[in-house]
Amino acid sequence: MSTTITIAQTASQPLTVNRLGYGTMRLTGPEIWGEPANRPEALQILRTAVELGVNFIDTADYYGEDVTNRLIREALHPYSSDLVICTKVGATRRPDKSWVPYNTPENLRASIDNNLRTLKQEQVQLVHLRLMGHGQVPLDEQLGAMFEMQREGKILHVGLSNVTREELEAGLQLGPIATVENMYSYAQRTTVKLPHGANPGGEEVLDLCEQHGIPLIPFFSLLHALPKELDKIGEIARRHDATPAQINIAWLLHKSPWLLPIPGTSSLAHLQENLKAADIRLSAEDMAYLG
Ligand SMILES: NC(=O)c1ccc[n+]([C@@H]2O[C@H](COP(=O)([O-])OP(=O)(O)OC[C@H]3O[C@@H](n4cnc5c(N)ncnc54)[C@H](OP(=O)(O)O)[C@@H]3O)[C@@H](O)[C@H]2O)c1
């Protein structure tokens, strides 16, 4: 099992990161809104993640809003040269906490500028264009704006999020797509319809990513798995003296060398538990049993 993964491997500035990252969305207040109840713990989670070897952190300026970006800056700036902070654009929040598209070329430019300002960076290393409000703003207009900002140097690498296989294929025709961030887990491997038009592809997107050497960053990898009665996960967990969360993460790490998990948590203890999953070695028999 490879412990690192390379993003944009054929580009002039590829990024190699450790294969277990951290997603910050759970660090905000309830409903991904406002400040965390325990701000010192949120800052400690970010610092501990990096101390324990995480060098890939996922965020968005619409978490909070701006809350996770500000926490990252406060906890980790000045950033270590090997740290990759990955953000997203294409959505925003309304005061009623709803999630709405924000994806005209002007919106995307404003979001990138806001991410650069709140993260205190001169260049966003990796940004996912999160597809939302499908069809309202054509993909080529959205990606065109992203590639324009890439040429200007505001963005190093462009990825896509919440994409079907067809949308990823269309994106690849338009320019270099470094990564994909989609819903995927042991418990959720097929395409699902979500509210607000999001429609992430399942395993058929992973297949395409593997063919093109594109890392797939799965989100909700625990959310959909942990509440379920997953007997097989429980059994493998007992065999490895591990927790179900750890086996869910270890399964992703073994499933494909192109998966880069970013399990999210608002708990320091869960973070420490989750990161230990990188040390678990599942045998071929374990993987066959899990299916
Ligand atoms: N591109 C997109 O559209 C998109 C959408 C959603 C999320 N994301 C990104 O993906 C990241 C991961 O998604 P997520 O955080 O929503 O979901 P997740 O990683 O599937 O799981 C988070 C949930 O699992 C719980 N959890 C974590 N570790 C645990 C453990 N060891 N034992 C028991 N429960 C545990 C967390 O609760 P506790 O806080 O109590 O640990 C939280 O409720 C996000 O943080 C965000 O950065 C991207």
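A short reminder: the numbers here are calculations on the coordinates, not readings from a lab. In this text the structure is predicted, and so the values were computed from the model without any measurement. Every residue, glycine among them, receives a Cβ derived from its backbone with ideal geometry; neighbour counts consider all protein chains shown.
Mind checking the full-extension length gain between residue 52 and residue 70? Use 0.36 nm per residue of separation minus the Cα-Cα distance, one decimal, nm.
4.4 nm
I'd like the FRET efficiency for residue 44 and residue 204, computed as 1/(1 + (r/R0)^6) with the beta carbon distance as r and R0 of 45 Å, rounded to 0.05.
The formula returns an efficiency of 0.70 here.
Computed over the Cα atoms of region 156-291, what is the convex hull's projected area averaged over all directions, in nm²?
9.2
Note down the magnitude of the dipole of the chain about its Cα centre, charges +1 on Lys and Arg C-beta and -1 on Asp and Glu C-beta and zero elsewhere, to the nearest 20 debye.
Roughly 420 debye for the chain.
Hey, if you put +1 on the Cβ of every Lys and Arg and -1 on every Asp and Glu Cβ in the chain, which of 53, 92, 124 ends up farthest toward the positive end of that dipole?
53
When the chain is modelled as a GNM with alpha-carbon springs shorter than 10 Å, which of 94, 281, 26 fluctuates the most?
94
For residue 96, what charge total do you get from the other residues with a beta carbon under 15 Å from its beta carbon, if Lys and Arg give +1 and Asp and Glu give -1?
Residues near residue 96 contribute +1 overall.
Is there a pair in 88/276; 88/255; 88/120; 97/154 whose C-alpha atoms are over 22 Å apart, and which pairs would that be?
The answer is 88/276; 88/255; 97/154.
Quick one: among 70, 238, 189, which has the greatest mean-square fluctuation in a GNM of the chain with alpha-carbon springs under 10 angstrom?
In the Gaussian network model the winner is 238.
Using θ = phi - 60° and the Karplus relation 6.51 cos²θ - 1.76 cosθ + 1.60, list the HN-Hα couplings for region 239-252 in order, rounded to whole Hz, with x at every Gly or Pro.
For region 239-252, the Karplus curve yields 4, 9, 6, 10, 9, x, 4, 5, 6, 4, 6, 4, 4, 4 Hz.
With point charges of +1 on the Cβ of Lys and Arg and -1 on the Cβ of Asp and Glu, referenced to the Cα centre of region 11-229, which listed residue (153, 221, 30) lies farthest in the positive direction of the dipole?
Of 153, 221, 30, it is 30.
With springs connecting C-alpha atoms under 10 Å apart, model the chain as a Gaussian network and identify which of 206, 174, 126 has the largest mean-square fluctuation.
174
Across region 97-106, in residue order, what do the Karplus-derived ³J(HN,Hα) couplings come to in whole Hz, using 6.51 cos²θ - 1.76 cosθ + 1.60 with θ = phi - 60° and x for Gly and Pro?
Each residue of region 97-106 in turn: 6, 6, 9, 10, x, 8, 9, 6, x, 5 Hz.
Which number comes out as Rg/Rh for region 1-127 once both Rg and the Kirkwood Rh are worked out on C-alpha atoms?
On the Cα set of region 1-127, Rg over Rh gives 0.97.
Based on alpha-carbon atoms only, what is the radius of gyration of region 239-288 relative to the globular estimate 2.2 N^0.38 Å?
1.12
Provide the FRET efficiency to the nearest 0.05 for the residue 148-residue 172 pair, computing r from the beta carbons and using R0 = 25 Å.
After rounding, the FRET efficiency stands at 0.90.
Hull surface divided by four, with the convex hull built on the Cα atoms of the chain: how many nm²?
Orientation-averaged projected area of the Cα hull: 14.0 nm².
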